[in-house]
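Following: one structure in structure tokens, then a few remarks.
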Amino acid sequence: MDIVVLVSGRGSNLRAIVEAIDEGRCAARIVGVVSDRRSAPALQFAEERHIPTRVVHPREHSPREAWDAALAEAVGAWGAELVVLAGFMRIVGPAMIAAFPWRIVNVHPALLPSFPGSDGPAQAIAAGVRISGCTVHLVDAGVDTGPILAQAAVPVRGDDTVESLHRRIQRQEHRLLPSVVDAIARGWMRLGASPTVAPAHEPSDGSTGFVSPPFV
Ligand code: GRF
């Protein structure tokens, strides 16, 4: 399955997908990487791996609707079946959602519906929860509100900082996101307003299927 990955930052999730593809754990092909930031290290990584890249900078496409339309056009040009937001720090708009209905996946560093928005790990620490984690979900018109596809849990330790918790969550993201993309590519997971998972691939004990075991 051809996918396009959208990035804004470091790109550790992009790397995890590329690694999983290289190792035969993810039945996808990255046909393009798009960023809203020219200086994103993720973009440099994609270039090093000879993956086609595009930058769709908000400053060059204003107002917001024009940026959204330019993004939909850039992503659509590669003819991909799935769009993966891997640390893409902007909210995609109606043009993107209309171009890829239930075909945009996001990874979020908290157990949604708790702690949506840009600072999931900080919100978890401030709330004093003892378990947090990551969520892979479909993107709808809201902020981190779309149907949940998979989650992985991590403990929150008493001496955690936002950074140490985020690092622990990211280790799970790097397992979960490529696994979900793989499950979608193989047709195990069907996308829509109420996504379903083929019963044979539904995790039974938390250690099989595409959902990673908790507390790793
Ligand atoms: C991840 O923690 C993801 O959950 C959030 O942004 C971060 C991106 O990290 N949406 P990276 O750029 O993939 O390293």
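The values are calculated or read from the model by the stated rules, or taken from the named source; none is laboratory data. Just so it is clear, the structure is predicted and the values come from calculations on it, not from any experiment. Glycine also receives a Cβ, built like all others from the backbone with ideal geometry; neighbour counts cover every protein chain displayed. To get the accessible areas, we keep the full protein, side chains included, count just its heavy atoms, and leave off ligands, DNA and RNA. Shrake-Rupley method; radii C 1.70, N 1.55, O 1.52, S 1.80 Å.
Where both residues lie in segment 75-192, what percent of DSSP beta bridges are antiparallel, nearest 5? Display every interim value, and only then the final one.
Working: 11 of 14 bridges.
Among the beta bridges of segment 75-192, antiparallel pairing accounts for roughly 80 percent.
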Heavy atoms of the protein only, probe of 1.4 Å, neighbouring chains included. What is the accessible area of residue 22 in Å², nearest 10? 100 Å²
Which angle between 0 and 90 degrees, to the nearest 10, do you get for helix 12-22 versus the longest principal axis of the chain when only C-alpha atoms count? 90 degrees
Could you tell me the center-to-center distance, by alpha carbons, between segment 69-86 and segment 148-184 in angstrom? 25 Å
On a 0 to 90° scale, report how tilted helix 162-185 is relative to the longest principal axis of the chain, with both axes built from alpha carbons and the result rounded to the nearest 10. 70 degrees
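Would you kindly state how much longer the chain becomes between residue 44 and residue 130 on full extension, computed as 0.36 nm times their sequence separation minus their alpha carbon distance, in nm to one decimal?
27.3 nm
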How large is ³J(HN,Hα) for each residue in segment 70-77, as worked out from phi by the Karplus curve 6.51 cos²θ - 1.76 cosθ + 1.60 (θ = phi - 60°), to whole Hz, x for Gly and Pro? 5, 5, 4, 5, 4, 5, x, 4
Using 1/(1 + (r/R0)^6) with R0 = 22 angstrom and r between the beta carbons of residue 201 and residue 22, what's the FRET efficiency to the nearest 0.05? 0.45
